[in-house]
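The values are calculated or read from the model by the stated rules, or taken from the named source; none is laboratory data. Keep in mind that this is a model prediction, so the values were computed, not measured. Note that we place each Cβ from the backbone using ideal geometry, even for glycine, and neighbour counts take in every protein chain shown.
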C-alpha cells in the first residue's frame, strides 16, 4: 500500500486560468502528473486544496485528473478519475450518438464541471474537434455570437438555463447547433417546444450521471419519452440496479477511481456498486426512470411523496423556477416547502394550486408556497439548499396553516 | 372586510376551490379536498381569522359551511345574509 504524499509535480488550476488558456488543459492532459481543475469562484483556500490533495496516495499521482463536486449543501468533494478511462468513455459516447456528427462544441458551462469537462473539453481534445469557449450566460452577447457562428455544433446545457435563452435571445434561432445535451439536473421536458424553435436543427438528448460516474451513465433522445424523469438506457458497459428503498446504484468501467472527502481518501473498488444518490427503477424498453434524489422522496401521513413528481405537475402550468426544501410540520410529520421564482401573479398561483389539487391528495401539497425574485444558486448552478431556507426576501403565497 | 368574505376567502384557500365551486351551502361530502387534514387547517384558519378555537368535536363534526357559520354566530360573530 502506498503512503499518502502530494506529488511535487501535481498541478492545480482554477477555472479562470483555463478560460484564458485552453491549451493549458491539453498540456496537462498529455503529461503524466495528475492535475486538478477547480472552480474559480468557490471559496477554497490553497491551504485546504494542498492539504486535501496531500491525501492522494502515490499510485494516483500520475495518469489521473481531479474534479470537484459540491452537493446541495456545498460541501466540497474531490473526485479522482483516470485519464485513460475518461478517454474510453468519450469514444463510447461518440459512438452511442451515431458517431457524433458535430464538428465543434460550444462551451457555456464551467469546464471544471465534470459534465462539461468530459463531454466537451475532453471530447474536443480526444476526438480532435473545435471547442469554442464562452462565459455562458454571464456574457450573453458573447454566447449569442458563438451560437450564431455555430457550424454543426454540439452544446451542453443544464435545464435551468433554458428560460434564459428565451428571456435573453427572444425568438432568435440558432440553426448551426445540431446536438443539444442536457444533464446535471432535471431535464427540461416542458420546454422542448421552445428548444425546437430556438435550435431548429438540433437533436436533443437527456443525459444522466453523477460526478462519481465521471460523469455519464445513461442517455436518451428527447423524442423517446414524454417524461422528464426518463433517463433512457445505460451506455455500453454501464450497469444500473435498484437497491434498498429504490436507491439507484451503478457500476461503470469509466467511473472515478476514488474521492477525497472529509479529510480522507477513499478508493472505489472495481466491483463496487456505487450509490448515485438518486432513487429510480427500470421501466419499459430497457429505459430507467428517476423517482428523485434520496432526500426528495419521503413518507408523509403514510403516503410516499415524490418532489420530482410534484415539480413535473407544477411545471405544466408554471414557467418560472421552482425549488423545494424540507420541513417538519406542527404534527411532527415530514413535509416540504415549495419556492417559486420570480414572484407569481395571482392567476399563476391559482393555476399552480389547482394543478396540485387535480393531481395529488393533500399530504402531497406543500406546507407553504413561498416566492422570491431569484433562487439562490451555488457556483455549479445547483440551487443552494442552505440559502433557500434562510432568505429574508421571501413572500408566503399559500400555507397549509398547520 | 366583512366576515362572510373572510370565511369565503379562507375556505377557498384551504380547500383550493374556485369562485364557481364555492357556495355558503356547500356540504363537506361535496368537496373532495375537505379531508381530515383540511379539518385541522380550517380550525387553524378560523382561530387566526375570527379568534375562535373549535373544540375537537366541533371541528370533526362539521358537515358543511353552514355549520361553521352557525358555530361562529353562536359566539357572537355575525354573518349577514350568508
Checklist entry - Out of (1) surrounded by fewer than 17 Cβ atoms within 10 Å (Cβ to Cβ); (2) over 20 Å from the mean Cα position of the chain (by Cα); (3) under 24 Å from residue A:245 (Cβ atoms); (4) more than 14 Å from chain B (Cβ to nearest Cβ), what's the single condition that is false for residue A:298? => result (1)
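Would you confirm whether any residue within the stretch B:60-82 is within 13 Å of another protein chain (Cβ to nearest Cβ) and surrounded by 13 or more Cβ atoms within 10 Å (Cβ to Cβ)? Explain how you work it out, then say what you get.
Keep residues of the stretch B:60-82 that are within 13 Å of another protein chain (Cβ to nearest Cβ), which gives none.
The answer is no, given that none of the residues of the stretch B:60-82 is within 13 Å of another protein chain (Cβ to nearest Cβ) and surrounded by 13 or more Cβ atoms within 10 Å (Cβ to Cβ).
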Checklist entry - Any residue in the stretch A:348-366 that is away from every other protein chain (no Cβ under 12 Å) and within 15 Å of residue A:391 (Cα to Cα)? => result no
Checklist entry - Restricting the search to the stretch A:1-60, which residues are closer than 27 Å to residue A:132 by Cα, at pLDDT below 80 and in contact with a helix residue (DSSP H, G or I) (Cβ under 7 Å, 6 or more places away or on another chain)? => result A:40
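Collect the residues in the stretch A:306-331 that are within 14 Å of chain B (Cβ to nearest Cβ) and at pLDDT 90 or above, keeping them in residue-number order.
If we filter the stretch A:306-331 for residues that are within 14 Å of chain B (Cβ to nearest Cβ), which is where we start, we get A:313-314, A:317, A:329-331.
Of everything in the stretch A:306-331, those that are within 14 Å of chain B (Cβ to nearest Cβ) and at pLDDT 90 or above turn out to be A:313, A:314, A:317, A:329.
Considering each residue of the stretch B:56-80, count those that are in a loop (DSSP other than H, G, I, E, B), more than 21 Å from residue B:22 (Cβ to Cβ) and touching a helix residue (DSSP H, G or I) at 6+ places or on another chain (Cβ under 9 Å), and give that number. Give the derivation first.
Our first condition is that a residue be in a loop (DSSP other than H, G, I, E, B); within the stretch B:56-80, this holds for B:62-63, B:75-80.
Checking the rest, the ones that are also more than 21 Å from residue B:22 (Cβ to Cβ) come to B:75-76.
Add one more test, that the residue is touching a helix residue (DSSP H, G or I) at 6+ places or on another chain (Cβ under 9 Å), and what stays is B:75.
The total comes to 1.
Kindly indicate whether residue A:386 is in contact (Cβ under 8 Å) with a residue 40 or more places away in the chain, more than 14 Å from chain B (Cβ to nearest Cβ) and either crowded, with 17+ Cβ neighbours inside 10 Å or not in a helix (DSSP H, G or I) (or both). Break it down stepwise before answering.
Working: in contact (Cβ under 8 Å) with a residue 40 or more places away in the chain: yes; more than 14 Å from chain B (Cβ to nearest Cβ): yes; either crowded, with 17+ Cβ neighbours inside 10 Å or not in a helix (DSSP H, G or I) (or both): no.
Spelling it out, it is not the case that residue A:386 is in contact (Cβ under 8 Å) with a residue 40 or more places away in the chain, more than 14 Å from chain B (Cβ to nearest Cβ) and either crowded, with 17+ Cβ neighbours inside 10 Å or not in a helix (DSSP H, G or I) (or both).
Residues checked against (1) in a helix (DSSP H, G or I); (2) under 22 Å from residue A:218 (Cα atoms); (3) in the same structural domain as residue A:68 (by TED's automatic domain parsing):
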residue: A:93; (1), (2), (3): yes, yes, yes
residue: A:101; (1), (2), (3): no, yes, yes
residue: A:116; (1), (2), (3): yes, yes, yes
residue: A:119; (1), (2), (3): yes, yes, yes
residue: A:132; (1), (2), (3): no, no, yes
residue: A:145; (1), (2), (3): yes, no, yes
